[in-house]
Amino acid sequence: MTVSERFDGFLDRNAGRLFILPAVLLILAFSLFPLIISAWLAVSRFKIGRDGFTLTYIGELNFKKLFTGSQQFHFLGTFSSITLTGWLILLVTALLIGAGIRQWLRSGRLTVLGGIGRLIAFGTLAALAWVFASTLQDGRLGSLSTTLFYVVVGVSLQFVIGTGLAFLCAQDIRGRSFFRLVFFIPLMVTPVGIAYTFRMLADMSLGPFSPLWKAAGFGDFSWAADPWTARLVIVVGDSWQWIPFIFIIMLAAFESQPRDEIEAAELDGAGPWRVFRDITWPSVAPVAATVVLIRVIEAFKIVDLPNVLTNGGPGIATESLTLHAFIEWRALNLGGSAAVAYTLLFVSTVVCVAFFQLVVRPMRQARGQA
Amino acid sequence: MRLNGRTTLSALMAATLGLGTAAQAQDKPHDGVTVNVMTFTGPQIAEPLQRRGKEFSEDTGATINVITVPFSDLYQKVLTDWLTGTDSLDAAVFAPQWSVDYVVPGLLEDLSERVAADEALQADDIAEFFREFSQKVDGSTYMITVDGDFHMVYYRTDIAEELGLEGPKTWDDYLAFAQAANGMDLNGDGEADYGSCIAKKRNAQSYWMITSIASAWLQSQGTSQGAFFDTSDMAPLYDNPGMAAALEVYKKTGDYAPSDEINLDVGDTRNLFQQGRCALTLDWGDIGTLAIDPENSKVIDKVGAVVLPGSSEVLDRQTGELVACDDTTCPHHVDGINHAPFAAFGGWSGGINAAADEAVKDAAYAFFSYVSQPEQSNADVTVGATGFNPYRTSQFESIDNWTAAGMSEQAANDYLGAIQSSLNSPNMVLDLRIPQNQRYQQIVLDTAIARYLAGELSTEETMAAITEGWQEITEELGAEEQLEAYKSTIGAN
C-alpha cells in the first residue's frame, strides 16, 4: 500500500473527527484559555507597580481567605447555632442522600467510578446543606448560600408555575395563542431591563403599586431593608424572567405527547388526574428534568437582578457568587475574584453533573424502557 | 516657464485652498482630533462635560466623546483600560484620590508644564487645597479640577425657625433636630416627612458619609494628624470609642429617615431634599444649588448650610479613650466643639492617558482647561444639575454669581461660608490617598458599614471588620510603603 493510499485510508477513517476538529479547537481556545488564566489568577496576587502590574504566586491564600480567613463571612456566611429550619434542611438533605445511596445500591451497577462520583456529589451536597443551615440564623448567609437560595427556591418556583401554565395552555381553551405570547414576552427582554423594570415596580413609595401598598398599610415598609424580603423580591424578579423559558419548553413537551395513549386511557375510564400521573407526566418528565438542569446552570450565574435591584444589599444579604466575584474584580482583587469564580465553577459542576446522573438520566432511561 | 491660463487658475486655487486650510488650522487648533473621556453615569458631571464638549468642538474642531459608566465601575474601567494597553480612553474625569494608583505605573500624563503655560486656566485662582492636594501627586500636577467637594450639613431654615432650633453644631444637635422634625409635614402635601435623609446605599457614593461623622471624634490636632491611620504605625483608627460613637450616630439618623434609606444613593436623597421631604441632609455642595432650581425645588430660600457638625469629646490616641474637648485636646475647637470638615472625594478632576497621541493629549488638556476656566466654571458651579461645586477663590469672593442664579443673599453667604470654613479649617480631614485607597474605602469600609446598617454586625463587629480588612490590605501592599504614602499625603512627614 502506497503512502498516498495509506493517507487516503486515514482520511476516510477519521473524516468525522477531522471535520469537527476546527470547531473543537476553537471551543478549546476560547474556553480553556480563560479557565487556565483564571486558575493562575486564583493562586496569584495582582499588584500595580512602577512597571505596570505584577502577578505573584501566593498558593492557596485566596481560597483560604474565603473558607477560613477574613472573607469567610462574605463567602460562606456567619456561622451560628442551627435553627429549627436549619435542622429541617439538614434532615431533607440526609433523606435525599439516603435515597440516592439506596437507589445506587439497588441498581446493581456498583462501579468504583460511580462510587467516587457519588461520594463527591453527596459530600458536596451535605457540605452545602450544612453551610446553609449553620448560617441561616439572622439571615447572615454568605454569597454561596444566597446563590443556593436563588437556585433552589427560584428554580422550584419557576418550574411549578411554568409547568402549570404550560399545562393549562396545552388544553383546548379560548385565547390560548394570546396567553402563549404574553407569557413568552419577559424572556425576550434583556435581564438588566427586567431588573430596572422590576426595581420600578417594586418601589413601594414611588412605584405604580405604591397606592396599593399604602392602602394595605405597607407604605412605610421597605423590602430592600430586610434580608429575606430582599432575597424574595429577587427570586420573584428572576422568576418573572425565566418562567416563560420553562413554559415554552414544557408547552412543546405537553403538545408533542401522543394523543392515542391519552384517548385509550380515557376510553378505559381513567380520570384527568390519573391520565396526568400515569401518562402525561412520565412522557414529559425527561424534558422537565432537562429544563430544570438548564435553569439550574443558569441560576448559579445570577448577577443582573441583585446588582441592579439591591446592589447586593442590605449589607451583603442578596449578593450572589457571581456578583461577589464581580465586586472583587472591580476592586482589582483579581485573585480573590478568580477564587470565588472557581469555587462557583466547582459547586455548579458537581450539582449539575449529579443532577444529570441521578435525575435526568434515570428519567430518560425509564421513558426509554416504557 | 510659461504658465497657461489653466495652470495659473489651478495654482491660484491651490494657494487659496492652502491658505484656507492654514486659517482653519489656526481657527480650529484640534480639528479632526477625537477625545474619548470617561466619567460616571450622571447626569451630574457628565452633563456639563457633554454640553461644554459641544461648545469646545465648535471652537476647536475636536470631537469630545463622553462615555459614562456607573460610579462603582469607574475606577476599575479606566485603570484596566490604561494598564492593559487597551487605551480606548484618552482621558477621564474621576476622583483625584484615585490618581495615585494611576501615577505610580505611569498611566497619567504629567500636566505641570501645560498648566504653568496656560494663562487662561488661571491656576492661581483655584483654591489652594484643590491646586496643591487634589491636582498633584508628589509635587507634579496630574489632574485638572473641575469641581470642588466638601461634605456639609444642610437644614431647612423654615423648620428650624418653627422648632426654635439652629443649624446643628454637634452631631447630638443633628439628631435632636432630626427627631423634632421627623413626622412633620415639611412640604405641605399633607404627608408626614423625614427628619434626616442621608445616602446610605452600598456600592454607590455613600461610604464617605461615615468618615464625615467620625472625623469629629477622630481628628482634633490638625490636618496632619490624619483621621484614618495612626501616623506612627499605620494602625487603623476605626476601632475605638470615637468610631463607636460615630457609628451609633450614623445608625440613629436612620430612625428619622425613609424606611428604604439604606437603598438610597445621593441622587435619591437630593431629590427628596429638593422636594421638601427632609429636614436635614449630609451631602456635598450640590444641595445648595439644587435648592434654588426654580423648576424642581420646593425649598427655594429655605435651606441653610453649616460646616460638618462636631463633637465636644475627642479621641485621646494615647489612652484610646474619649476626653473632653479643650485647648489641649482639640486646639482648633470652636466654643468647645471639635469640627473636622472632611474634604470627601476631593472634587471631580480630569486626567489624561499618558499613552494617548500627542495631538489627543493636547486636545484633552485644552478641553479640561476650557471646562475649568472661570468663564465656564463660574456659570456651571451655580447650576445644581451640573454636579460642579465651587473651587475657585473668585467663586467665594463675590456672591453676585450666586444671587444672579437665584440664591438669596443670606443663602449664598451661608452656603459659601460653610464651604470656606471647611476649606480654611486647620483641622480639615484629607481624604485617603494611599495606593489602592479605593479598596480600603469602596470595598472594605463600604461593605462593613452596609452590613452594620443592615443589622448584620454590631458596632464592635463593624469596627473589627474594618480594622481587619484595612490591616490585611496594608500588609499585602507593604505597611512601610503605605505608611510613608499616608504621611506624605497628609503632610505628616
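Every number here is computed from the coordinates shown, using simple stated rules; none is lab data. Computed from a prediction, not measured in an experiment: that's the story for all the values here. Note: ideal-geometry Cβ built from the backbone for every residue, glycine included; neighbour counts use all protein chains shown.
If I fit a long axis through the Cα atoms of helix B:358-372 and take the longest principal axis of the Cα atoms of chain B, what angle between them do I get, 0 to 90°, rounded to 10? Helix B:358-372 sits roughly 50 degrees off the main axis of chain B.
Measuring spread by the Cα atoms of the range A:176-217 yields a radius of gyration and Dmax of 13.7, 38 Å. Do the alpha carbons of any pairs in B:Lys200/B:Lys251; B:Lys200/B:Lys252; B:Lys28/B:Lys54; B:Lys169/B:Lys487; B:Lys169/B:Lys252 sit beyond 19 Å of each other, and which pairs? As for pairs spanning more than 19 Å Cα to Cα, those are B:Lys169/B:Lys487. Neighbouring Cβ atoms from other chains, within 10 Å of the Cβ of residues in B:258-269, number 4 on average. Set the Cα radius of gyration of the protein assembly as shown against 2.2 N^0.38 Å, with N its number of residues, and you get 1.11.
Calculated mean residue ellipticity, 222 nm, chain B: -12500 deg cm²/dmol, from DSSP H runs (n ≥ 4) at -39500 (n - 2.57) each, averaged per residue and rounded to 500.
Treating r as the C-beta distance of B:Asp59 and A:Leu168 and R0 as 45 Å, the FRET efficiency rounds to 0.10. Potential lengthening of the chain between A:Gln365 and A:Ile101 amounts to 93.2 nm, from the contour at 0.36 nm per residue minus the alpha-carbon distance. Here r is the Cβ-Cβ distance between A:Ser80 and A:Leu201 and R0 is 45 Å; the resulting FRET efficiency, rounded to 0.05, is 0.85. Which lysines have a Cα less than 21 Å from the Cα of A:Lys64, not counting those fewer than 8 places away in the same chain? Within the straight-line cut-off, A:Lys64 pairs with A:Lys47.
On the beta carbon distance between A:Val112 and B:Asp255, with R0 = 60 Å, the FRET formula returns roughly 0.45. Across chain B, the mean sequence separation of Cα contacts (distance under 8 Å, 6 or more residues apart), normalised by length, yields a relative contact order of 22 percent. Of all DSSP-defined beta bridges confined to chain B, some 65% are antiparallel rather than parallel.
With the crude spin-label approximation of a point 7 Å out along Cα→Cβ, what separation in nm comes out for A:Arg176 versus A:Phe53? The modelled label-to-label distance comes out at 5.5 nm. Going by a ≥ b ≥ c, the root eigenvalues of the Cα gyration tensor, does the range A:74-135 fall in the rounded group (a/c under 1.5), the prolate group (a/b larger than b/c) or the oblate group? Since a/c reaches 1.5 but b/c is at least a/b, the shape of the range A:74-135 is classed as oblate.
Against chain B, whose longest principal axis is taken from its Cα atoms, helix B:5-27 shows a tilt of about 10°.
Against chain B, whose longest principal axis comes from its Cα atoms, helix B:171-181 is set at around 90 degrees.
Inter-label distance, A:Asp220 to A:Lys64: 5.0 nm, where each label sits 7 Å from its Cα along the C-beta direction. By the gyration tensor of its Cα atoms, with a ≥ b ≥ c the square roots of the eigenvalues, what is the shape of the range B:298-399: rounded for a/c under 1.5, prolate for a/b over b/c, or oblate? It comes out oblate by the Cα gyration axes. As a rough guide to protection, the peptides B:233-243, A:193-203 ranked by mean Cβ packing within 10 Å, highest first, stand as B:233-243, A:193-203.
Only beta bridges with both residues in the protein assembly as shown are counted; by DSSP, about 70 percent of them are antiparallel. Note on A:Glu261 and B:Ala492: their simple-model spin labels are 7.6 nm apart, each label 7 Å out from Cα toward Cβ. Seen from a random direction on average, the alpha-carbon convex hull of chain B projects onto 27.1 square nanometres. With 0.36 nm allotted per residue and the present C-alpha distance subtracted, the B:Gln471-B:Ser88 stretch has 134.4 nm of extension available.
If you run the Gaussian network model on chain A, springs between alpha carbon atoms under 10 Å, then out of A:Ile101, A:Ile185, A:Ile20 the most flexible one is A:Ile20. Overall, the ratio between the Cα radius of gyration of the range B:102-237 and 2.2 N^0.38 Å, rounded to two decimals, is 1.46. When GluC sites (Glu not before Pro) are flagged only if DSSP places them in a loop and at most 14 other Cβ atoms lie within 10 Å, the longest unflagged stretch of chain B comes out as B:296-493.
Within chain A, the whole DSSP H helices whose Cα atoms reach 24 Å or more along their own axis and whose mean Kyte-Doolittle score is at least -0.5 are A:3-42, A:84-107, A:112-134, A:227-256, A:281-299, A:334-355. Label zone (A:Trp87, point 7 Å along Cα-to-C-beta; backbone nitrogen cut-off 19 Å) within the range A:111-154: A:129-139.
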